[in-house]
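Report on the structure given below.
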Amino acid sequence: MTRLWRRSLAAQFIFFMLLALALSQGIGFLTSWNARDQALRLAAKGEFLSRAGSLALLLEATPPDLAPEILRVSDTAYTRFWISPDAPPDVLAWRAAALGHLATPLPSLKQLHGKTVDQPSAEPALPVALAAAPAPDEAWPDWRELPPHAWPLSRAAKFIYLDQAYGMGLAVRLENGTWLNAVYAKSVPNALWTPQSATSLAITALVLSVIAVIVARSVARPLRRLAAAAELLGRGETVEPLPETGPDDIRQTAEAFNRMQARLQRFVEDRTRMLAAIGHDLRTPLTSLRLRAEFVADPEIQEKMLKTIGEIQTMTEAALAFAREEATAERTRTVDLTALVESLCDDLAELGQDVTFLDSPRFSYRCRPDALRRSVRNLVENAVRYGERARVRIAKGLESIDIVVEDDGPGIPDAHAERVFAPFFRLEHSRNRETGGVGLGLSIARTIARHHGGDITLTSRANGMTAVISLPLASLAPQLPPSHEPYPALASAARVMQPVRHAPNHLPTGSNPS
């Protein structure tokens, strides 16, 4: 339940709408209950007085010998009528007589026609409020006068409330001098929770739940689309601009994301073109320096100058290759990741390198395969160069797919575990191509991994080092159609950079020591 609450916007909407329904119904019951009680009490009193007045007129208009039958058929489950020769006594005595009449079961219709039955037609209805004896110190109110204008007859009557709910008593003098007595003791349900209210509340809750689901989906759909677009953007891809529709909040969010994506593309494009221009502009002075160095008479000085020029040219080409890696125009597609890494290990093994691919489960993954292959190659070649051999495997973590490269080398000091990923940083400070490169191998490898939404971590062991490329398991990419190129604007920038690759020296793969 807790997981559903955290992950489902519809569940939260339903909860809060049902909570609002419960609070509103509770407040409504509390505010209307007293008014309801008063209305029911007035309605019961009006019915009782009207029935008693009509019966008094009927008794006065019919022969006296019919009075017992009229009274008997006029009784109901909650009303009793009887005639007494004298005025009603004190309240307690009259109340005791009324309780006796209420305790008498109503006769059946067969009894009224002179037939005998074994069971009465109805059980006596005696409300608890009337049956309970009064407390010793309780003072019962006396009869009060009911004026003619307060009930149907044009004569006064005696009236009294017998309890605090719906118990009432009445006595009125008839024309022949006798008194008609009437008692009312209908039990009215006093419960807030009735089948009708439960049904009404259930239907209302169901309707609100359906509305909550519809509203939650209408809100969650653009949010999921935004999350998918952000995931693709973080992996170095781009998508078509998000639809800028819906309520203001959602529309403004989509507009902000589209503007952010466009600005990022322009920023990276401008930076890449700047690096390409710098590399191109450096070509002319480097060529001029090389030509002038040829005319230096001292062979030793000439050799040092050419070596320095070559080093500058190598670093320039490496920097351009590093920038070109970020501006790659390779399309993202789903590949067999295990087969991709295994084929790379087989190729390196055929070249004589000590590389072993361990048995691993098969994984399909959406990536830029050429770039990811280069990232893995850099790690594997570093492991072979500095750790004698490389053992490669693929494992599934809790939230990632891990490409693990292990070697038997000396490892990296903890102080340099992160510094080795900085461009041009080398533990071996020479620029000798035989002992390494210019220090961009791990930088490029991590850049590629992070463009896929992952990262690279290095961990030293007692007898070697472990490099892990962690690629995220959760991929939102299938929810949105990607563009043909990860950065359309950068693709042109990458093509602009191609002509500057004029020098014979090129970036060595895996040049950053691990």
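The values are calculated or read from the model by the stated rules, or taken from the named source; none is laboratory data. As the structure is a computational prediction, the values presented were derived from the model and not from experiment. Every residue, glycine among them, receives a Cβ derived from its backbone with ideal geometry; neighbour counts consider all protein chains shown.
In summary, T356 fulfils each of the numbered conditions (1) modelled with pLDDT under 80; (2) surrounded by fewer than 14 Cβ atoms within 10 Å (Cβ to Cβ) with the single exception of condition (1).
R235 falls short on exactly one of the conditions (1) more than 30 Å from I309 (Cα to Cα); (2) modelled with pLDDT of 85 or more, and that condition is (2).
Taking L337, is it over 14 Å from L471 (Cβ atoms) and touching a strand residue (DSSP E or B) at 6+ places or on another chain (Cβ under 7 Å)?
no
I'd like to check something: does the range 201-217 contain any residue that is in contact with a Ser or Thr (Cβ under 9 Å, 6 or more places away or on another chain) and either farther than 26 Å from P472 by Cα or surrounded by 12 or more Cβ atoms within 10 Å (Cβ to Cβ) (or both)? So far as the range 201-217 goes, yes, one or more of its residues are in contact with a Ser or Thr (Cβ under 9 Å, 6 or more places away or on another chain) and either farther than 26 Å from P472 by Cα or surrounded by 12 or more Cβ atoms within 10 Å (Cβ to Cβ) (or both).
Test D163 against the criterion of being assigned to a loop (DSSP other than H, G, I, E, B), of a type outside the set (K, R) and modelled with pLDDT of 65 or more, and give yes or no. Yes.
Within the range 247-265, identify whether any single residue is β-branched (V, I, T), modelled with pLDDT of 80 or more and either within 29 Å of P369 (Cα to Cα) or surrounded by 12 or more Cβ atoms within 10 Å (Cβ to Cβ) (or both), and answer yes or no.
yes
Tally time: how many residues in the range 201-245 are hydroxyl-bearing (S, T, Y) and free of Cβ contacts under 8 Å to residues at least 40 places away in the same chain?
Selection size over the range 201-245: 2.
Since A449 meets every condition but one in (1) modelled with pLDDT of 85 or more; (2) of a type in the set (A, V, I, L, M); (3) part of a loop (DSSP other than H, G, I, E, B), which condition does it not meet? Just one mismatch for A449, condition (3).
Among helices (runs of 4 or more DSSP H) entirely within the range 1-82, having at least 2 residues that are within 21 Å of the chain's Cα centre (by Cα) and buried (at least 17 other Cβ atoms within 10 Å of the Cβ) singles out 9-61. In the set G279, G310, only one residue is touching a residue at least 40 places away in the same chain (Cβ under 8 Å), surrounded by 12 or more Cβ atoms within 10 Å (Cβ to Cβ) and over 57 Å from the mean Cα position of the chain (by Cα); that residue is G310.
If only residues of the range 166-214 that are under 30 Å from I70 (Cα atoms) and aromatic (F, W, Y) are counted, the one that is modelled with the highest pLDDT is W179. Taking the range 299-415 as the region of interest, the strands (runs of 3 or more DSSP E) fully inside it that hold 1 or more residues being among the β-branched types (V, I, T) and in contact with a helix residue (DSSP H, G or I) (Cβ under 9 Å, 6 or more places away or on another chain) are 333-336, 355-357, 390-396, 400-407. Pairs are defined by a Cβ separation below 7 Å, a sequence spacing of at least 6 or placement on different chains, a first member in the range 381-395 that is under 9 Å from D408 (Cα atoms), and a second member that is assigned to a helix (DSSP H, G or I); the pairs so defined are A390/V380; A390/A383; A390/V384.
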